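> One structure coming up, written as structure tokens, with questions to follow.
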Amino acid sequence: MYLDRFRLTGRVAVVTGGGQGIGLACVEALCEAGAQVVIADRDARVADEGRAALLAKGYVVDVVVMDVTRPDEVDAAAARVLAEKGRIDVLVCNAGIARFDTASEEVRDEDWLAVVDVNLNGVFWCCRAFGRVMLAAGRGSIVNIGSMSGIIANKPQAQANYNASKAGVHHLTKSLAAEWGARGVRVNAVAPTYINTPLTALSKSNKAMYDVWIENTPMGRMGEPDEIAAVVLFLASDAASLMTGSIVLADAGYTSW
């Protein structure tokens with residue numbers, strides 16, 4: 001009874017930024033649970049590399065090229081997936097960028113806008129487009145990738161733009177959950193700690209900064225993409241049927257003190 005609730009057999013899932021890192025791990029987790037998964041990525045090469053990596057593991061996935069900052073492209077992608085698959089049951093809004101270590105008073109307009117456009121606006125465009133399909137069907141689960149940075153201000157790096165964008169994702173998640181809950185669509189978010197991905201690879205070369213990260217993490221380590229994907233799978237599945245508007249921390253204890 002209980003394990004069956006994690007199954008996604010017959011369901012269609014879309015993962016933005018699904019070609020690598022946390023996104024690719026989420027695609028694999030959803031595939032393993034039986035879903036038909038579509039990688040949505042603005043970089044066709046990265047998406048194809050992700051698809052090839054999963055094919056080597058025995059999973060067949062589709063790809064749609066889409067820039068989350070372009071509402072017209074997002075709308076077109078949602079229409080295409082619906083036309084080809086006949087349904088959309090799960091959306092994982094994973095696409096995101098980070099630009100940090102610039103004091104707020106020195107942040108350029110374009111750098112602020114770029115982070116907010118991808119991390120917050122992009123999540124809304126995707127929730128709106130794919131959410132319409134779910135609302136019409138009276139069912140669906142959306143999982144947004146937030147961050148512990150939406151709850152605390154990180155140190156030692158300065159990253160007000162990233163922190164603000166992720167805090168926005170968290171409140172957007174709650175707002176949509178409250179609005180859509182009675183209409184059959186659940187909306188939750190995962191708030192990860194620092195994860196070993198291409199996004200953090202360069203940061204690890206800064207030993208002073210990396211040491212502060214680890215010192216401030218009770219578990220004394222960074223997370224792995226599969227550890228976030230496991231939480232995403234839970235929230236996407238019927239195992240989390242009573243959960244909506246939740247921001248699930250997966251932070252190795254970082255926000256505990």
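> Looking at Arg45, is it farther than 20 Å from Glu224 by Cβ and surrounded by 19 or more Cβ atoms within 10 Å (Cβ to Cβ)?
When the stated conditions are applied, Arg45 does not pass them.
> How many residues, within the range 128-148, are surrounded by fewer than 24 Cβ atoms within 10 Å (Cβ to Cβ) and under 21 Å from Asn161 (Cα atoms)?
Qualifying residue count, the range 128-148: 1.
> When you scan the range 1-110 for helices (runs of 4 or more DSSP H) that lie fully inside it, which ones turn up with 2 or more residues that are closer than 25 Å to Thr244 by Cβ and touching a helix residue (DSSP H, G or I) at 6+ places or on another chain (Cβ under 7 Å)?
Output list reads 21-32, 71-85.
> Whether any residue in the range 18-27 is among the small types (Gly, Ala, Ser) and farther than 18 Å from Asn144 by Cα is what I want to check.
Within the range 18-27, not a single residue is among the small types (Gly, Ala, Ser) and farther than 18 Å from Asn144 by Cα.
> Checking Val118 against (1) touching a helix residue (DSSP H, G or I) at 6+ places or on another chain (Cβ under 9 Å); (2) aliphatic (A, V, I, L, M); (3) within 17 Å of Val248 (Cβ to Cβ), which test does it fail?
Looking at each condition in turn, Val118 falls short on (3).
Every number here is computed from the coordinates shown, using simple stated rules; none is lab data. All of these numbers come straight from a predicted model, not from anything done at the bench. Here the Cβ is made from the backbone with ideal geometry for all residues, glycine too, and neighbour counts use every protein chain on show.
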